[in-house]
Amino acid sequence: MKFRTIFILFNIVILVSFCFVFLFPFFVLGARSSLLFWKDNWYLALFFILLLGGINAFFIYNRKVFSLVEKEDWAALSAHLSDEIYAKGRFRASSIRLLVNACLLRSDVAGIEKLEDALAAKKPALLRRNALLFGVTRLLRNRPAEAEAFFARYLDAKDADSRGWLRFDYAFSLVLQKRVGDALGILKEGLASKDAVLALLSSYLLGSIGAAASDSQDERAELAARAETTRKRLLSRFTAPRWSREVERAKAEVHIVILSKLIDDAGRWLFAAESA
């Protein structure tokens with residue numbers, strides 16, 4: 001849906017709501033009483049005016065960003081956001097995320113590194129908040145040791161976005177380095193995640209690579225059992241078509257798209273026993 005259409009629909013919904021609220025006392029109380037009502041409740045009209053003004057101001061201020069996203073012009077979007085951030089010093093969280101995503105879509109690693117350096121120097125809190133996005137670029141470049149070192153700095157950061165995924169990617173960077181034993185604790189945490197995709201990936205890695213890497217027969221049995229319990233729990237919630245929709249919804253986040261092959265493998269594992 002075009003952003004211009006969304007903009008118009010927002011205005012229509014708010015105006016219709018305002019008209020309904022404004023005219024309701026007239027039909028219920030009559031003309032004279034409705035005037036007294038609005039005299040005592042004028043702030044309701046002010047609220048609708050401010051709401052309408054705020055939404056319109058937001059769309060107008062961001063109209064260029066919306067237009068470039070709609071056109072999927074990632075190069076122009078990167079240039080625009082870079083100007084906002086570096087030239088004008090507007091380090092907004094939404095701009096940071098958009099610029100990282102645009103750079104990822106263009107495979108512009110240098111652009112992400114430049115942004116990371118700028119945030120580290122000027123806005124470390126924003127870097128910490130968006131640590132997941134900057135960390136996955138290291139996984140994307142097949143540099144798991146660098147990813148491990150980067151994620152380790154933010155594992156316990158309470159203000160980091162998507163902490164569950166950040167911790168999973170840290171564990172995954174350990175798996176890629178064949179240090180599966182070091183990753184088991186965090187992968188076990190992921191089993192209880194409310195995010196179905198994260199829970200499945202955690203159980204899949206535990207039940208396959210995790211169990212296979214263990215030297216203890218008892219531990220192998222425990223890991224396989226815990227993975228199977230999570231698999232069955234997810235199977236009770238999802239059919240194959242519904243799971244496909246869940247994955248597509250999750251892939252709205254670029255950091256999850258990077259794990260597409262792993263997610264596909266885990267999805268086949270999820271339904272393997274059912275189809276056998």
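Is the range 51-132 best put as rounded, prolate or oblate by its Cα gyration tensor, with a ≥ b ≥ c the root eigenvalues, rounded for a/c under 1.5, and otherwise prolate when a/b is larger than b/c, oblate when not?
Oblate is the answer for the range 51-132, as a/c is 1.5 or above yet b/c matches or exceeds a/b.
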Query raised in the report: Against the longest alpha carbon principal axis of the chain, how many degrees, from 0 to 90 and to the nearest 10, is the axis of helix 196-205 turned?
Result: 10 degrees
Report task. Using all C-alpha to C-alpha distances in the chain, build P(r) with 5 Å bins and read off the rounded percent in each one. Result -> 1, 5, 10, 12, 12, 11, 11, 9, 8, 7, 5, 4, 2, 1, 1, 0, 0
Report task. Just rank D264, D169, fewest to most, by other beta-carbon atoms within 10 angstrom. Result -> D264, D169
Query raised in the report: How large is the charge dipole for the chain, taken about the Cα centre, if only the Cβ atoms of Lys, Arg (+1) and Asp, Glu (-1) carry charge, to the nearest 20 debye?
Result: 740 debye
Query raised in the report: Rounded to the nearest 20 Debye, what is the dipole magnitude of the range 9-154 about its Cα centre when Lys and Arg each give +1 and Asp and Glu each give -1 at the C-beta?
Result: 280 debye
Requested in this report: Report the paramagnetic label zone for V16: residues of the range 42-84 whose backbone N is under 17 Å from a point 7 Å from Cα along the Cα-to-Cβ axis.
Outcome: 52
Query raised in the report: Hey, what number do you get for the chain at 222 nm if only DSSP H runs of n ≥ 4 count, each worth -39500 (n - 2.57), divided across all residues, to the nearest 500?
Result: -24500 deg cm²/dmol
Report summary line: Measuring from the longest principal axis of the C-alpha atoms of the chain, the long axis of helix 93-105 (C-alpha) lies at a number of degrees, nearest 10, equal to 50 degrees
Requested in this report: Work out the charge dipole of the chain with +1 on the Cβ of Lys and Arg and -1 on the Cβ of Asp and Glu about the Cα centre, then indicate which of L9, T230, V69 is farthest towards its positive end.
Outcome: L9
Query raised in the report: In whole Å, how far is the Cα centre of the range 196-267 from that of the range 34-79?
Result: 41 Å
Report task. Take the alpha carbon gyration tensor of the range 111-159, find the square roots of its eigenvalues, order them as a ≥ b ≥ c, and report rounded if a/c is under 1.5; if not, report prolate when a/b exceeds b/c, else oblate. Result -> oblate
Query raised in the report: So how tilted is helix 240-250 from the main axis of the chain? Cα-based, degrees 0 to 90, rounded to 10.
Result: 70 degrees
Report summary line: Which of A227, A120, A87 fluctuates most in a GNM of the chain (C-alpha springs under 10 Å)? That residue is A87
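Every number in this text was worked out from the coordinates using simple rules, so none of it is lab data. Since this is a predicted model, take the numbers as computed values, not measurements. Cβ sites come from the backbone with ideal geometry, for glycine too, and all protein chains shown count toward neighbours.
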